[in-house]
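To start, the structure under review is shown below, and the notes come after it.
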Amino acid sequence: MPIKPKATKSVAKQTAKKTITKKATLDFVGGWSYAPSPESKDHIRLEKKYGHFINGEFVKPSAGKYMATHSPSTEEHLADVALGDAADVDKAVKAARKAYDTVWSKMPASERGKYLYRIARMIQERARELSVIESMDGGKSIRESRDIDIPIAAAHFFYYAGWADKLEYAFPNRTVTSVGVAGQIIPWNFPLLMAAWKIAPALACGNTVVLKPAETTPLTALKLAEIIRDCGLPPGVVNIVTGDGRAGAALVSHPDIDKIAFTGSTDVGKIIQKAIAGTNKKITLELGGKAANIIFEDAPIDQAVEGIINGIFFNQGHVCCAGSRLFVQEGIADKVIRKLKDRMETLVVGDPLDKNTDIGAINSREQLDKINHYLKLGVKEGAEMWQSSCAVPRKGNFCRPTIFLHASQSHRIVQEEIFGPVLAIQTFRTVEEVLEKANNTPYGLSAGVWTDKGSKIFNMTSRLRAGVVWANTYNKFDPTSPFGGYKESGFGREGGLHGLLPYVNLK
Amino acid sequence: MKSNPDFSKSPTIDQVGVEERVARLNTRSIKKESKVAGLKLALNMIDLTTLEGKDTEGKVRQMCYKAMHLHDALPDLPTVAAVCVYPTFVATAKAALGNSGVKVASVATAFPAGQSTLDVKIRDTQFAVDCGADEVDMVISRGEFLRGNYSFVFDEIAAVKKACGPARLKVILETGELSTLDNVRRASDIAMYAGADFIKTSTGKIQPAATAPVTLTMLEAIRDYYYETGIMVGMKPAGGISSAKAALQNLVMVRETLGAAWLDNHWFRFGASSLANDILLQLLKEATGRYQSSDYISKD
């Protein structure tokens, strides 16, 4: 049921006013504050129109159709990119197959590694440009694209470059061969980083790829295409087809694809799995999540509050492993919530290019509508909504950081992935209770545990049914560490040694 | 009367988490008008300090003039908050500062080691106050603290507080000797519940002195005390803050931990001797567009 954003906003405002009052005695609004500090975008050069990147060059879409990509913060039109269809996908797959058969699968592994090192270095050299474009096109804060997305993207290429000629050591006593042509579909929340997660291990293992970036965030993938062209990678090894779900569907159902890698929503993941049933295609899916972030009484509380903030407000909450369900042990609940509210008052929401912005723009109008729908639903379900009183720009897609107090396990805001800066808070009393509630979800991507006691950490991490469990930290990413889910959060692992497995055949 | 908390159960501190928070706060970008305003605010928070065996009345008088006239060629500069001297120079400083509004702070209680009897410490404190000290900077007994004798530390602070009379009491934890942030947190709690008006990191005689993780941990302790009692306690990082950039990073920490009310020299101080000149260089650069030679600024 679609809900008009206007109506939702007014509900949000009223509730914020009602609950904000008495305890907010620290003043985070008045006094000395930060002047705007925008990162310059003068050096950014964008084409008016981008074609697909197929066989080492940019080509026009076969049907001649384009789609616009906008900045979610300023609503400014940034560029037109090709709207791919089945014919474009077919062309890309053919190029990938040819490159696989004639060049890439035959190349000595150490040579493959050199190309990956070169891509990594060129990402580093163009890091500033890539981070600014990432923030313009996707809405995330420049602090995050500069300090997290782009450096980790480069790190993935460096890491897998190292594996390229060492696969026999990754899988001792086995014969390792490549798989073939990989079709890779990535989401809009970490556009360049997800491209790196997908492309780097595939290439390191000797496969060629056809990548489809998300509809709303194609620009950094196209900049990566420029890097790939300029680094001299043999044509056809990496092909990038832009477009919407139709291009993705064509890629999934193309008969000459050997492996599908998808990161995105659980709904689409299910469709993909149905579509490839009965085929020989290998598949990895990295889907949604509704992670439990668990704070015990003996936790380092101020650091735990920071972990809650990083868990749910990192990247506007557009994170599949976001700590969107908070469980606080009852004895410290009041204290934690008071601190959390004060910390939320210091968050800076606004221009993604401002170096002081903590929370940028929601990626699309559609996503903002979905988040607003859940805000309204949470209030209707009886949870108590509280929002930071921080200033929010009038123009663009923005959402105040929001928490729901007194949420119940039966609330839909607790059960369903919102994918926004919205946290549902519950209290718990015993370890058994919190384990049962934390695991009581169709998802199982990640979880967080906060306690000063080491034995409690090991007890929890071995019993939480989630692919990644962080202890006394949250949302930490590293190319050496595998990432992936249980249950409806998907299967297969990306990153680390485990991330090689989906891209090899073992004998 | 409300009983004091069990200090052996002070909240635990995760060092890695504190360092990450500091790193994130340090990404705040302070430019243009907020930079100038921040630098002037920081100048106004300085306790200009000389605590050396070779101090003389002449040196103290020179420093007091500087405290009131940081750089007269640059208009609209504030004075510093206070000068900080040994008790024997309090009277000299008081006379030199007149009614300028600059306070006189004096270290006391067998500074810097604090290795003396309570009786001597009390008399040291009373002497400083009798000479006209507005503020007393005491040191805690770190040895007693480290062997777990928290009630000894508490009682000593309470006794010195009583001896201070109207003077405000800053309690120096000497965090460089406390070794862990858990200890920094516990010592902060003890000092505040015992009556400290300010908690202060260091004497300046021990390294490391005022590191950012230590300052953040103490600011968070002040916040918890305020939540619990409604009483505001001041904070003074001392030693090791010598650059304008570090001063601004401290202000960012205060702003995002305790809010606007603490951004005032009644509640936040820098204990420093060379910080003022670096801030003046930055302000001259903002005013003229160029960096000046350090010889354009007086060294006292």
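The values are calculated or read from the model by the stated rules, or taken from the named source; none is laboratory data. Given the structure is predicted, the values throughout are model-derived calculations rather than measurements. Cβ placement follows ideal geometry from the backbone for every residue including glycine, while neighbour counts extend to all protein chains displayed.
Side notes on the structure shown:
- In summary, helices (runs of 4 or more DSSP H) completely within segment B:131-217 and bearing 1 or more residues that are within 17 Å of B:S116 (Cα to Cα) and touching a strand residue (DSSP E or B) at 6+ places or on another chain (Cβ under 9 Å) occur at B:150-164.
- B:G58 vs. criteria without any contact (Cβ under 8 Å) to a residue 24 or more places away in the chain and among the small types (G, A, S): yes
- Flag if B:I206 is touching a residue at least 12 places away in the same chain (Cβ under 8 Å) and buried (at least 20 other Cβ atoms within 10 Å of the Cβ): no
- Checklist (1) within 28 Å of A:A361 (Cα to Cα); (2) assigned to a helix (DSSP H, G or I) applied to A:A200, failing item: (1)
- Residue check, B:T88 modelled with pLDDT of 95 or more, within 18 Å of B:C131 (Cα to Cα), buried (at least 20 other Cβ atoms within 10 Å of the Cβ) and hydroxyl-bearing (S, T, Y): no
Here's the yes/no breakdown for (1) buried (at least 22 other Cβ atoms within 10 Å of the Cβ); (2) in contact with a Ser or Thr (Cβ under 7 Å, 6 or more places away or on another chain); (3) in contact (Cβ under 8 Å) with a residue 40 or more places away in the chain; (4) among the small types (G, A, S):
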residue: A:R412; (1), (2), (3), (4): no, no, no, no
residue: A:V434; (1), (2), (3), (4): yes, no, yes, no
residue: A:Y443; (1), (2), (3), (4): yes, yes, yes, no
residue: A:K453; (1), (2), (3), (4): no, no, yes, no
residue: A:F458; (1), (2), (3), (4): no, no, no, no
residue: A:S462; (1), (2), (3), (4): no, no, no, yes
residue: A:V469; (1), (2), (3), (4): no, yes, no, no
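- Checking A:A292 against (1) more than 17 Å from the chain's Cα centre (by Cα); (2) within 14 Å of another protein chain (Cβ to nearest Cβ); (3) not charged (D, E, K, R), the condition it does not meet: (2)
- Candidate set: segment B:233-245, residues that are touching an Asp or Glu at 6+ places or on another chain (Cβ under 9 Å), under 17 Å from B:T201 (Cα atoms) and not in a strand (DSSP E or B); chosen: the one nearest to the other protein chains (Cβ to nearest Cβ): B:V233
- Search result, residues across segment B:64-75 that are touching a helix residue (DSSP H, G or I) at 6+ places or on another chain (Cβ under 8 Å) and either among the acidic types (D, E) or crowded, with 22+ Cβ neighbours inside 10 Å (or both): B:C64, B:A67, B:L70
- The numbered conditions (1) surrounded by fewer than 22 Cβ atoms within 10 Å (Cβ to Cβ); (2) within 14 Å of another protein chain (Cβ to nearest Cβ); (3) over 25 Å from the mean Cα position of the chain (by Cα) are all true for A:P255 except (2).
- Entirely in segment A:36-142, the helices (runs of 4 or more DSSP H) that have 1 or more residues that are touching a Ser or Thr at 6+ places or on another chain (Cβ under 7 Å) and among the small types (G, A, S): A:86-99, A:127-138
- Any hit, segment B:2-14, residues being loosely packed, with under 15 Cβ neighbours inside 10 Å and either within 11 Å of another protein chain (Cβ to nearest Cβ) or in contact with a Gly (Cβ under 8 Å, 6 or more places away or on another chain) (or both): yes
- Restricting segment A:179-199 to residues that are over 21 Å from the mean Cα position of the chain (by Cα) and surrounded by fewer than 24 Cβ atoms within 10 Å (Cβ to Cβ), the residue that is farthest from A:D90 (Cα to Cα): A:V179
- Qualifying residue in segment A:295-308 (condition: surrounded by fewer than 24 Cβ atoms within 10 Å (Cβ to Cβ) and touching a strand residue (DSSP E or B) at 6+ places or on another chain (Cβ under 7 Å)): yes
- Residue-level check: of (1) within 14 Å of chain B (Cβ to nearest Cβ); (2) assigned to a helix (DSSP H, G or I); (3) crowded, with 23+ Cβ neighbours inside 10 Å, A:G448 misses just (2).
- Scoring B:K31 on the criteria (1) at pLDDT below 95; (2) farther than 22 Å from B:L280 by Cα leaves a single failure, condition (2).
- Residues in segment A:22-69 that are within 14 Å of another protein chain (Cβ to nearest Cβ) and closer than 21 Å to A:S131 by Cα: A:P36, A:S37, A:P38, A:E39, A:S40.
Yes/no per residue for (1) closer than 19 Å to B:Q15 by Cα; (2) surrounded by fewer than 19 Cβ atoms within 10 Å (Cβ to Cβ); (3) of a type in the set (A, V, I, L, M, F, W, C):
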residue	(1), (2), (3)
B:N183	yes, no, no
B:S188	yes, no, no
B:P213	yes, no, no
B:Y227	no, yes, no
B:I231	no, yes, yes
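- Those residues of segment B:259-292 which are away from chain A (no Cβ under 14 Å) and free of Cβ contacts under 8 Å to residues at least 60 places away in the same chain, in sequence order: B:S274, B:N277, B:D278, B:L281, B:K285, B:T288, B:G289, B:R290, B:Y291, B:Q292
- Annotation note: Cβ proximity below 9 Å between a residue of segment B:33-44 that is more than 7 Å from chain A (Cβ to nearest Cβ) and a residue that is hydroxyl-bearing (S, T, Y) and buried (at least 18 other Cβ atoms within 10 Å of the Cβ) (sequence gap 6+ or interchain) occurs for B:L43/B:T79; B:N44/B:T79.
- Filter pass, B:A247 being surrounded by 24 or more Cβ atoms within 10 Å (Cβ to Cβ), at pLDDT below 95 and over 24 Å from A:R338 (Cβ atoms): no
- Scope segment B:129-153; condition farther than 27 Å from B:V104 by Cβ and either touching a helix residue (DSSP H, G or I) at 6+ places or on another chain (Cβ under 7 Å) or among the basic types (K, R) (or both); matching residues: B:E144, B:F145, B:R147, B:Y150, B:F152
- Within segment B:246-258, the residues that satisfy the criterion of being farther than 12 Å from B:L275 by Cβ, part of a helix (DSSP H, G or I) and either facing chain A (nearest Cβ under 9 Å) or touching a strand residue (DSSP E or B) at 6+ places or on another chain (Cβ under 7 Å) (or both) are B:L251, B:V252, B:V254, B:R255, B:E256, B:T257.
- Being surrounded by fewer than 22 Cβ atoms within 10 Å (Cβ to Cβ), more than 14 Å from chain B (Cβ to nearest Cβ) and either at negative phi or among the hydroxyl-bearing types (S, T, Y) (or both) holds for only one residue in A:A202, A:A277, A:A250, A:A221, and it is A:A277.
- Being of a type in the set (G, A, S) and within 11 Å of chain A (Cβ to nearest Cβ) holds for only one residue in B:A67, B:A23, and it is B:A23.
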